[in-house]
Amino acid sequence: MNPRERKLRGLLIMVGARADQGVVHAILPPGVRIEKTSVQCREADSAVEGRRLAIEVGECPPQGCAIEVTWSMDASAWGLETASRLDETGYWLRATDVMPRLVAERILRDRSDPIQLADRSSSSRLIPEATPLSANWRWIVRIDGVETERSIRRGRIAAPLEFADIWSYESRQGPTGS
């Protein structure tokens with residue numbers, strides 16, 4: 001993240017993913033732009049419609065697939081409805097405001113849905129209330145563009161990927177889980 005420019009870039013890596021229907025779904029916070037999706041270290045087909053992301057994973061091996069999602073966000077576009085804040089004096093970030101959220105495979109079959117992947121005969125429509133996946137998540141925030149004693153911040157959570165982190169240029173407070 002770059003507080004001065006109010007820009008965030010991220011990489012979400014999930015190891016051991018499985019998808020009975022061959023597609024992994026995620027909900028995107030407003031303003032997140034997907035730059036690249038990969039499965040098993042190969043670029044993967046994906047589709048974005050509004051706040052929904054569908055990644056074609058195909059058939060995963062018994063131990064599951066490794067999925068990577070590279071994304072970016074411009075925090076200067078955040079409005080009052082976004083709880084997270086980012087500027088050169090610090091940040092307060094909630095994962096739900098800044099990261100794609102992988103969700104359990106609860107889909108509806110609907111041939112009229114515009115999210116389609118090239119090699120699928122039908123599409124999947126994500127249920128809006130889909131449940132975020134629980135797992136043993138690790139997160140890292142790297143602060144670029146400002147002088148700080150601790151430019152890399154880390155945390156862990158064994159639940160859905162719902163954490164918050166706060167950093168102030170003056171106080172240099174530590175990560176918090178929520």
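The values are calculated or read from the model by the stated rules, or taken from the named source; none is laboratory data. Keep in mind that this is a model prediction, so the values were computed, not measured. With ideal geometry, Cβ positions are generated from the backbone for all residues, glycine too; neighbour counts draw on all protein chains shown. Quick note on the areas: whole protein, heavy atoms, side chains included, nothing else; ligands and nucleic acids left out. Shrake-Rupley method; radii C 1.70, N 1.55, O 1.52, S 1.80 Å.
Table for the structure above
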quantity	calculated
S72 outside any loop (DSSP other than H, G, I, E, B), of a type in the set (G, A, S) and under 14 Å from the mean Cα position of the chain (by Cα)	yes
Out of K7, K36, sole residue that is within 19 Å of V141 (Cα to Cα), modelled with pLDDT of 90 or more and of a type in the set (K, R)	K7
Segment 40-55, residues that are assigned to a loop (DSSP other than H, G, I, E, B) and either open to solvent by 60 Å² or more (accessible area, probe 1.4 Å) or farther than 17 Å from R18 by Cβ (or both)	Q40, C41, D45, G50, R51
